[in-house]
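To start, I am sharing the structure in question, which I have written as structure tokens.
The values are calculated or read from the model by the stated rules, or taken from the named source; none is laboratory data. Because the structure is a prediction, the values reported are computed rather than measured. Positions of Cβ are generated from backbone atoms using ideal geometry, with glycine treated the same way; all protein chains shown enter the neighbour counts.
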Amino acid sequence: MPHRTLKTSLQEVVEAEGHLIDSHIMEQIFDTVVEYDGRFEVERFHIGKTNAEPSRLRLRVEAPTAEALSLMLAQLLGLGCTPVEGGDAEWKLVEKDRCAPEDFYSTTNHRTQVRRNGQWRLVQNQRMDALIVWENGKPWARRLRDLKAGDEVVVGMRGIRVIPESKERDRHAFAFMANGISSERKVETAVRQTAQILLNSKAAGARVVVVAGPVVIHTGGAKPLASLIRNGYVSALLAGNALGVHDIEAAMLGTSLGVRLRDGRQAEHGHRNHMRAINAIYHAGSVRAAVEQGKLTSGVLYECVRANVPFVLAGSLRDDGPLPDTITDMNQAQDAYAEQLRDAGLVLCLGSMLHSIAVGNMLPGWVKTVCVDINPAVATKLSDRGTAQALGVVTDVGLFLEMLDRVLAEPH
Ligand SMILES: NC(=O)c1ccc[n+]([C@@H]2O[C@H](COP(=O)([O-])OP(=O)(O)OC[C@H]3O[C@@H](n4cnc5c(N)ncnc54)[C@H](O)[C@@H]3O)[C@@H](O)[C@H]2O)c1
């Protein structure tokens, strides 16, 4: 791209720092300027010489109209470009609960800093689609519905610095990560590498959160997932009503949605079985009570109760029952998910598009996420919605879990 001299006043000088070349951020910055009919001039570019040293870019950008410039700067901000003459962030008071000033700043899932009284401060509880509120001497990412009258929130685009995640330079060591999404033949490798990430996360004291859909049970994944929980590899389980129902059905009656897990055949009157499972838990009062009363003696939720691993079942419109443990108030369910994700170091999303995307929205962009689904579009969808760190493994989730359990049982 040729450098041109920019003369009009509709311009801004921005700076970015990070692994700009190997993370392809540089290309995206230039593409963004062109997309808004703008022009750019690279004033300075320093390429990092070592693995740890970041590259530094100083760029003068120009747009044909003030509106285009503002839209362009908003996009560039998400790519880590901060206006040099930004000054402090602008704050406005919230006048009414849940009602933000119209020009509020909406967060990404990347590390973000805001400038206040000349100092850059790191935003706490980073997540996407939130506002930035000043509280107790710090900026916090806060959901719209949690805003209170009197809160101070960031508006506009000034005094905000976003630090996009760089692709790890050791990423090529992980074959299935290199192309984002794996093919079947790479599954064995993907499982071994997931096991390694899991072991590294545990060794570093990070929490490992499993997000699972009912297909985990239908595909025979209950046994290996239960084994992972029993062996201390899982810190929390996030799922929906269906996983709970079918796990209990499998544990009590040996079927999942009426299909015998032993031989894959429909059990006689098997369609009643998931309702019998729900009924049994209603009789007991809760999943924990069913375990304590000796009525539920195996399975994923049984192991959670035994090992004191928290599980959250979020409700949905299509739920049967639901189980007494299922949280049917969606705001409360989101809060309970967010609580378990707070210090997660690794998230495994297993066969649930709904819950995987929901979790992706709550996570900061630097939390490692492995998404296992038979449909390659699911990992792509997760990435497209901003969870760019998600690594996809395209395979049957039951087989994946069996292999993972086997690999983790090997001496390491
Ligand atoms: N009886 C019930 O109460 C009941 C039954 C079904 C679903 N639900 C609820 O509906 C909501 C959505 O359910 P969901 O998460 O199943 O739906 P979903 O469509 O969000 O996700 C299912 C995912 O599983 C993937 N998949 C299918 N077969 C697979 C395999 N063999 N290996 C790997 N991946 C595979 C699909 O590609 C899809 O992405 C949940 O809240 C759930 O609890 C309730």
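What strands (runs of 3 or more DSSP E) lie completely within segment 108-164 and have 1 or more residues being under 20 Å from the mean Cα position of the chain (by Cα), at pLDDT 95 or above and outside the structural domain of residue 69 (by TED's automatic domain parsing)?
Values: elements: 111-116, 119-122, 131-135, 138-142, 152-155, 160-163.
Ranges flagged: 111-116, 119-122, 131-135, 138-142.
Still on this model: Which of the following residues is near the ligand (Cβ under 9 Å from one of its atoms), touching a helix residue (DSSP H, G or I) at 6+ places or on another chain (Cβ under 6 Å), closer than 22 Å to residue 216 by Cα and of a type outside the set (Lys, Arg): 393, 372, 407? Explain how you work it out, then say what you get.
Details: 393 fails: near the ligand (Cβ under 9 Å from one of its atoms); 407 fails: near the ligand (Cβ under 9 Å from one of its atoms).
Residue meeting the stated conditions: 372.
On to the next question. Quick test for you: out of 268, 292, 249, pick the one residue that is within 11 Å of the ligand (Cβ to nearest atom), acidic (Asp, Glu) and over 24 Å from the mean Cα position of the chain (by Cα).
On the way: 268 fails: within 11 Å of the ligand (Cβ to nearest atom); 292 fails: within 11 Å of the ligand (Cβ to nearest atom).
Result of the check over 268, 292, 249: 249.
Just the residues that are more than 16 Å from residue 25 (Cα to Cα) and surrounded by fewer than 12 Cβ atoms within 10 Å (Cβ to Cβ), please, taken from segment 45-61.
49, 50, 51, 52
Being assigned to a strand (DSSP E or B) and among the β-branched types (Val, Ile, Thr) is the filter; apply it to segment 339-375 and report the residue that is surrounded by the most Cβ atoms within 10 Å (Cβ to Cβ).
First pass over segment 339-375, keeping only residues assigned to a strand (DSSP E or B): 344-350, 368-373.
Then drop every residue that is not among the β-branched types (Val, Ile, Thr), which leaves 347, 369-370, 372.
Working: 347: 28, 369: 25, 370: 23, 372: 31.
Checked segment 339-375; the qualifying residue surrounded by the most Cβ atoms within 10 Å (Cβ to Cβ) is 372.
So which pairs qualify, if the first residue must be in segment 287-307 and at positive phi, the second must be part of a helix (DSSP H, G or I) and hydrophobic (A, V, I, L, M, F, W, C), the Cβ gap must be under 7 Å, and the two must be at least 6 apart or on different chains?
Qualifying pairs under 7 Å: 299/222; 299/226; 299/248; 299/250; 299/251.
Then there is this: So, of the residues in segment 213-227 that are touching an Asp or Glu at 6+ places or on another chain (Cβ under 6 Å) and among the hydrophobic types (A, V, I, L, M, F, W, C), which turns out to be nearest to the ligand (Cβ to nearest atom)?
Per the stated criteria, the residue is 217.
Return yes when residue 318 is surrounded by fewer than 23 Cβ atoms within 10 Å (Cβ to Cβ), at negative phi and more than 13 Å from the ligand (Cβ to nearest atom) and no when it is not. Let's see the steps before the verdict.
Details: surrounded by fewer than 23 Cβ atoms within 10 Å (Cβ to Cβ): yes; at negative phi: yes; more than 13 Å from the ligand (Cβ to nearest atom): no.
So residue 318 does not fit the description; no.
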